[in-house]
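Novice: Just dropping this structure here.
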Amino acid sequence: MSRMTLTQYLIEQQRDLNQITGNLRLLLEVVARAVKAISVNVGKGAIAGVLGEAGTDNVQGEAQKRLDVVANEILLLSNEWGGHLAAMASEEMPLPYAIPNRYPRGEYLLLFDPLDGSSNIDVNISVGTIFSVLHCPEGIEPNEKAFLQAGTQQLVAGYALYGPQTILVLTLGNGVVSFTLDREFGTWVLTNPAMRIPEETREYAINASNSRFWDPAIRRYIDEVIAGREGPRGRDFNMRWVGSMVGDVHRLLTRGGIFMYPRDKRDPSKPGRLRLLYEANPMSFIIEQAGGASSTGHGRILEVEPTELHQRIPVILGSSREVERVVRYYTEAA
Ligand code: AHG
Ligand code: MN
Ligand code: MN
């Protein structure tokens, strides 16, 4: 059986469906190539000397792993010369990276979390890359301000999951598709042409070690699912927490569930753990395109107007009925 490759899929989306421009297609081809290079490094691990600490901190005060830095470099170097971008912004860089003058400048902005799940790198658990594409407003310098666009403005979002298989999940705004990397041929093979989040779910994902800091609405939801068959939900639930958002979101897309990194009282200066522009927005776009929902607890994440490049935000996403229930608990608690 011959299957469609990423290249064929993108050409079809451009030529037959008018869903993307030629430059956007080029951008996605380049990102997919960079992701392949990251996948090779992740796969080599100690052999390539990419495990362990980098010895530096990022702008958010988090210790960088070697692979955070390597993945960031790969994405920058692959994307800077093609002429399709105006600038890039990354979780690992304090400021946007302007395309050097020696290269042509394009009309798109690329944002990424180069390596998601950093705490899992050294223990050989799945990690990933998350990315998002925005249009650079015309006549606007591609500085920090240009990136401060609501998630509804995203043209494309995607993630790569470096697990037992390397998988690329993509939305161009017309559904969600996924590709599996054929390591022998180096091609991306379309393995799911229409990812949909199942409505019914019995699984939830949250880091329960933070429970003493949670809002009452989250506490209520979790108490009820833990009470299982004897509780108000009348059925048993199961819990999973990968520690890599890409892994957790991929599970939601495959068999449903809810993922939460809600607001908590741990550090009042941080309204959440996850970053709006590199994690929450791209994942929310994908989840909604797969028929799920995504909220801060008070409103749709995709409608939040960003005020800062590295802004953090509470995240509640997954099967829409469950997300709606948490949102209702927030309203009732108010
Ligand atoms: P990153 O490795 O890019 O900093 O992101 C880690 C994120 C996310 O992937 C995951 O869901 C969450 O942080 C895990 O946080 P805890 O370690 O608090 O569980
Ligand atoms: Mn991350
Ligand atoms: Mn990261």
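Novice: For region 134-259, rounded, prolate or oblate, judged on the Cα gyration tensor with a ≥ b ≥ c (square roots of eigenvalues), a/c < 1.5 rounded, else prolate if a/b > b/c?
Specialist: Taking the square roots of the gyration eigenvalues as a ≥ b ≥ c, region 134-259 is oblate.
Novice: With a cut-off of 8 Å between alpha carbons and a minimum separation of six or more residues, what is the relative contact order of the chain in percent? Before the final figure, lay out the partial values.
Specialist: Values: 709 pairs, mean separation 49.5, N = 334.
Averaging sequence separation for qualifying contacts and normalising by length gives 15 percent for the chain.
Novice: Students often check this: by mean Cβ neighbours within 10 Å, which of 213-219, 82-88 ranks highest, and how do the rest follow?
Specialist: For the peptides 213-219, 82-88, the packing ranking is 82-88, 213-219.
Novice: In region 192-208, whose amide N lies under 15 Å from the spot 7 Å out along Cα-to-Cβ of Asp16? List them in ranges.
Specialist: Answer for this model: 193-194.
Novice: Roughly speaking, what is the stretch gain from Arg321 to Ala98, that is 0.36 nm per residue apart minus the C-alpha to C-alpha distance, in nm to one decimal?
Specialist: 76.1 nm
Novice: So, with +1 on the Cβ of K and R and -1 on the Cβ of D and E, and no other charges, what is the size of the charge dipole of the chain about its Cα centre, to the nearest 20 debye?
Specialist: Here the size comes out at about 600 debye.
Novice: Next question. With point charges of +1 on the Cβ of Lys and Arg and -1 on the Cβ of Asp and Glu, referenced to the Cα centre of region 1-136, which listed residue (Cys136, Gly82, Val123) lies farthest in the positive direction of the dipole?
Specialist: Sorting the options by dipole projection puts first Gly82.
Novice: Right, something else. Which of the lysines could a cross-linker bridge to Lys44, judged by Cα under 26 Å and excluding same-chain residues fewer than eight apart?
Specialist: Lys36, Lys65
Novice: Measuring from centroid to centroid over Cα atoms, what is the spacing of region 6-85 and region 91-106 in Å?
Specialist: 14
Novice: Once R0 is set to 35 Å, what does the formula 1/(1 + (r/R0)^6) return for the Cβ-Cβ distance between Phe185 and Asp122, expressed as a FRET efficiency to the nearest 0.05?
Specialist: FRET efficiency, Phe185 to Asp122: 0.70.
Novice: Could you tell me how many degrees, from 0 to 90 and to the nearest 10, lie between the Cα long axis of helix 216-227 and the main elongation axis, the longest principal axis, of the Cα atoms of the chain?
Specialist: Result, in degrees: 70.
Novice: Mind ordering 177-188, 265-276, 19-30 by average Cβ neighbours within 10 Å, highest first?
Specialist: Answer by packing, highest mean first, reads 19-30, 177-188, 265-276.
Novice: What's the angle, to the nearest 10 degrees (0 to 90), between helix 320-333's Cα axis and the longest principal axis of the chain?
Specialist: 60
Novice: On to the next question. Given a cut-off of under 8 Å on Cα pairs at least six residues apart, what relative contact order in percent is computed for region 24-117?
Specialist: On the way: 138 pairs, mean separation 23.7, N = 94.
Over region 24-117, the number comes to 25 percent.
Novice: Measure nothing but the geometry: give the 0 to 90° angle between the long axis through the Cα atoms of 245-255 and the longest principal axis through the Cα atoms of the chain, rounded to 10°.
Specialist: 70
Novice: How about Lys145: which lysines have a C-alpha closer than 27 Å to its C-alpha, ignoring those fewer than 8 places off in the same chain?
Specialist: Once the sequence-local lysines are set aside, what remains near Lys145 is Lys270.
Novice: In percent, what relative contact order does region 106-222 have, based on Cα pairs under 8 Å that are 6 or more apart in sequence?
Specialist: This gives 15 percent for region 106-222.
Coordinate-derived values only; no laboratory data. Every value quoted in this text rests on a predicted model; they were computed, and no experiment measured them. In this analysis, Cβ positions are derived from the backbone assuming ideal geometry, glycine residues included, and neighbour counts consider all displayed protein chains.
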